[in-house]
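To start, the structure itself, in structure tokens.
Bear in mind that the values in this text are calculations on the coordinates, not laboratory data. In this text, all values refer to a predicted model and were calculated from it rather than measured experimentally. Note: ideal-geometry Cβ built from the backbone for every residue, glycine included; neighbour counts use all protein chains shown.
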Amino acid sequence: MNKDKLKTTRIFFRDEDIPEILIPLESQGESGFYSLETEKKVSLPNGEAIEVYAEVRLNMEPIDISLSITEKGRDFDIRCGNGVIVSYQTSGGLDVLFQIGTGAWE
């Protein structure tokens, strides 16, 4: 597994003409723990905004991944191991994909 891909939250879109957004996760001092220090506001190409928080614990087996998306009071949270791709539809109807790590799809 490519552990460098576990240190980045990739945001991309079903419309491949829209550029992807990469958000690096920072080491938090604890061995193998990477996260955004706080929720990060992300402006989307249709003018909407969401807040994203992610953390990864590389020193666990399986690797522990948490992703949180907040939009207009709506919260979406997922926790999984090793890698994740999540599809999220904004209140304005934009399909947004989030990826942390890799999996059988790559």
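From the phi of every residue in segment 38-47, what ³J(HN,Hα) in whole Hz does the Karplus formula 6.51 cos²θ - 1.76 cosθ + 1.60 yield, where θ is phi - 60° and glycine or proline is x?
Rounded to whole hertz, the list is 9, 4, 10, 6, 10, 8, 9, x, 8, x.
May I ask you to list the GluC sites (Glu not before Pro) in segment 1-81 that are in a DSSP loop and have at most 12 other Cβ atoms within 10 Å of their Cβ? Working shown, then result.
Working: sites: Glu16, Glu20, Glu26, Glu30, Glu37, Glu39, Glu48, Glu51, Glu55, Glu71; in loops: Glu16, Glu20, Glu30, Glu37, Glu39, Glu48.
Of the GluC sites (Glu not before Pro), the ones in loops of segment 1-81 whose Cβ has at most 12 other Cβ atoms within 10 Å are Glu16, Glu20, Glu30, Glu37.
Each residue of segment 9-15 in order: what ³J(HN,Hα) in whole Hz does its phi give by Karplus 6.51 cos²θ - 1.76 cosθ + 1.60, θ = phi - 60°, with x for Gly and Pro?
For segment 9-15, the Karplus curve yields 9, 9, 10, 9, 9, 4, 7 Hz.
Using the reciprocal of the averaged 1/r over all distinct C-alpha pairs, how large is the Kirkwood radius of the chain in Å? Each step should come with its number before you reach the end.
Working: mean 1/r = 0.0710 Å⁻¹.
By the Kirkwood definition, the hydrodynamic radius is 14.1 Å.
If amide hydrogens are placed 1.01 Å from N in the peptide plane, which non-local residues have theirs closer than 5 Å to the one on Asn82?
Amide H to amide H, under 5 Å and 5 or more residues apart or across chains, Asn82 pairs with Ile63, Asp64, Ile65.
Need one number: convex hull volume per residue for segment 29-69, Cα atoms only, in Å³. Please report the intermediate quantities before stating the final value.
Values: hull volume 2.7 nm³, N = 41.
Value for segment 29-69: 67 Å³ per residue.
Enumerate the amide H contacts of Leu36 below 5 Å, restricted to partners 5 or more residues apart or on another chain; note that Pro and chain-start residues carry no placed amide H.
Glu26, Ala54
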